[in-house]
Amino acid sequence: MKIKLDKFIIVFVLFGFFAVQTTIAQTPNTSPAQEALKGMRSFIGNWEGESDAFGGFEGLKEGGKILWTTRFRWLQSKATVEFTNQTKYKDTGKRFNSGSQIMSLDAATGKLRTIGYGHDGSVYWSNTGSMEIEGKSITLIINEITINKTKSKYTVKFTKESPKILSLQLTDAFVDGKKQKDWKVKLHRITKSPPTTQSAVSADEAEKITEELTQLSIPWGKVPLTKNTDHLKRIWADDFSYIMPDGTVYDKRAFLDFDDNNTYTSSGNTAFKVRVYSKNFAVTTGDMSTAGKDKDGKPFSRKSRFTNVWVRKSGKWQVVAGHASWLE
């Protein structure tokens with residue numbers, strides 16, 4: 001940002017004293033960077049959508065549906081824009097990819113540029129690129145490299161199709177010289193706080209919490225097989241209560257003392273999702289599938305749907321309440 005500096009010294013005699021006055025740092029009302037990025041105004045805000053999972057880039061695989069959560073926001077008094085994107089699998093809630101782009105005016109060339117970083121699956125990448133704003137569209141031409149030295153070049157175009165619809169299109173993508181498929185997704189403006197309440201925590205923090213609660217929930221889903229009640233003692237709060245499908249309410253002690261005479265051959269969670277509401281509060285949902293034989297030796301296969309409420313106390317995540325319903 002260019003700052004015009006005017007410095008003057010006025011020396012005058014008043015009642016036998018000398019006075020010195022200095023004025024500095026007069027900042028223009030509008031900077032060249034603000035002027036260059038004014039076309040971004042209508043893009044600022046939160047957007048969400050759904051698409052097929054795409055492959056081609058290192059760390060990404062085709063197959064399944066993914067959910068998009070994106071945001072454009074101003075930085076540096078509207079002299080810079082940050083774009084963040086997070087996609088996760090619809091059925092599991094596991095990260096598909098995530099990243100951030102900083103869009104700004106290059107003082108050396110007077111042209112718009114972008115620099116970014118993120119993950120495709122578990123593969124870290126960083127990039128640089130050029131940027132152009134024309135009418136209702138933003139075009140980025142990106143050169144990218146992964147931590148494993150895989151090189152990519154591609155074009156991303158954002159287009160405002162209406163006040164509440166934003167399209168994101170990838171074209172001319174080459175990964176290590178090999179042409180990849182073009183794709184396009186439509187995103188819708190979020191006019192209210194999103195269900196994940198990402199405004200309460202950063203995207204990176206929400207992702208970290210999601211991963212932590214996922215890892216804590218996996219052993220819980222396998223307890224019928226492992227009999228690892230020590231894990232349950234750690235993740236269930238002292239005031240824990242759970243409503244069973246038949247309406248019975250168990251506290252922590254009663255649930256741990258519950259005598260299950262069934263023999264299990266499989267047990268686990270599916271369609272697991274995490275909704276982060278703050279750095280200390282989250283809700284998880286999912287389905288639990290079990291199979292085995294009952295106390296009389298009769299085979300069974302069951303499926304239930306659960307909701308669990310997590311609270312972080314003294315730095316440790318614990319479940320305070322939950323509910324389950326039979327699906328089959």
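General remarks:
- Flag if residue 266 is out of contact with any Ser or Thr (no Cβ under 7 Å at 6 or more places or on another chain), under 17 Å from residue 327 (Cβ atoms), in contact (Cβ under 8 Å) with a residue 12 or more places away in the chain and loosely packed, with under 15 Cβ neighbours inside 10 Å: no
- Whichever residue in region 166-200 is surrounded by 18 or more Cβ atoms within 10 Å (Cβ to Cβ) and at pLDDT below 80 and, among such residues, is nearest to residue 42 (Cα to Cα): 198
- Residues in region 207-246 that are acidic (Asp, Glu) and part of a helix (DSSP H, G or I): 207, 211, 212, 230.
- One residue stands out in region 67-117 among those that are in a strand (DSSP E or B) and over 23 Å from the mean Cα position of the chain (by Cα): the one that is surrounded by the most Cβ atoms within 10 Å (Cβ to Cβ), namely 112.
- Verdict on residue 311 being within 20 Å of residue 247 (Cα to Cα), among the aliphatic types (A, V, I, L, M) and at pLDDT 90 or above: no
Residue-by-condition table, conditions (1) touching a strand residue (DSSP E or B) at 6+ places or on another chain (Cβ under 6 Å); (2) free of Cβ contacts under 8 Å to residues at least 24 places away in the same chain:
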{"site": "175", "(1), (2)": "yes, no"}
{"site": "181", "(1), (2)": "no, no"}
{"site": "190", "(1), (2)": "yes, no"}
{"site": "202", "(1), (2)": "no, yes"}
{"site": "225", "(1), (2)": "yes, no"}
{"site": "272", "(1), (2)": "yes, no"}
{"site": "275", "(1), (2)": "yes, no"}
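- Among the residues of region 218-249, those that are under 25 Å from residue 298 (Cβ atoms) and in contact with a Phe, Trp or Tyr (Cβ under 7 Å, 6 or more places away or on another chain) comprise 224, 225, 244, 245.
The values are calculated or read from the model by the stated rules, or taken from the named source; none is laboratory data. All of these numbers come straight from a predicted model, not from anything done at the bench. When we count neighbours, we look across all protein chains shown, and the Cβ atoms used for this are built from the backbone with ideal geometry, even at glycine.
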